[in-house]
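Here's the structure, in structure tokens; my notes come after.
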Amino acid sequence: TQCAYVSINGTTAPQASAGIATWLLKLIAEIAEYNDGVKTVIFLDEFSAIGDDDRAVKLVAGLVERVRSAGISLIIGTQTTATLGEKAERIMGTAGTLITHQNGNPEDIISYAGTTNVFEDNYETNGTGERVKTGGRMQSQFSINPDEVRKLPIGECFVISEGKWARVCVQDVN
């Protein structure tokens, strides 16, 4: 397996970073087209540095759909899904695996883990101030509680693949 890690600093020269990223993504597309069967992993870290560039986002959306059949794993690192632009749903829907660490707005990611039906009781307060159960209904809830994602400590994440999920913790080696 060959591996490449790419981090493009977009804070000092955003236009140049977007141009470099677009060139690099086109190069990855060519690698996918002429792949010789070698398993390849490509990390695109800090995608937010180029996420505002429509060219790069459109290229990534198409790449995610094509590279798997060529034996290439494309890993995109971003702080929020908003930096994936208008193609976020397409990119995440095509990805084989989603990983989320602590995130203040996790709903769009955890929706890929599915929902569960939970019975929710309804209560009313009677004339004496007592709570009285009056019925209930089935309520659909995320399989992964969004508040659990918001509170994840360093070293923990949720991994989602094919509607299944697991909470994963990396053991501290110090």
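The values are calculated or read from the model by the stated rules, or taken from the named source; none is laboratory data. Quick caveat: nothing in here was measured; it's all calculated off a predicted structure. When we count neighbours, we look across all protein chains shown, and the Cβ atoms used for this are built from the backbone with ideal geometry, even at glycine. Each accessible area value is taken on the protein alone, full model and side chains, heavy atoms only, with ligands, DNA and RNA left out. Shrake-Rupley method; radii C 1.70, N 1.55, O 1.52, S 1.80 Å.
Numbers at a glance
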item: Given 13 as the ceiling on other Cβ atoms within 10 Å, longest exposed-site-free region of the chain for GluC sites (Glu not before Pro) in DSSP loops; result: 1-129
item: Sequence-separation-based contact order of the stretch 26-174, relative, with Cα cut under 8 Å and 6+ spacing, percent; result: 20
item: Ratio Rg/Rh [Cα only; Rh per Kirkwood] for the stretch 91-138; result: 1.30
item: Where Rh is the Kirkwood radius over Cα pairs, Rg/Rh for the stretch 25-174; result: 1.14
item: Rounded percent of accessible protein surface that carbon and sulfur make up, the chain, 1.4 Å probe; result: 51
item: Percent of beta bridges antiparallel (DSSP, the chain, rounded to nearest 5); result: 65
item: Cα-based Lys pair tally, the chain, threshold under 21 Å, eight or more apart or on separate chains; result: 5
item: Range in the chain, longest, excluding exposed trypsin sites (Lys or Arg not before Pro) [loop by DSSP; at most 12 other beta-carbon atoms within 10 Å]; result: 40-150
item: Helix axis angle, 54-66 relative to the chain longest principal axis, alpha carbon, degrees; result: 80
item: Relative counts (whole %) of C-alpha pair distances in the stretch 121-174, using bins that are 10 Å wide; result: 18, 28, 20, 19, 12, 3, 0
item: Potential lengthening between Val38 and Thr80 on full extension [0.36 nm per residue; Cα-Cα distance subtracted]; result: 12.0 nm
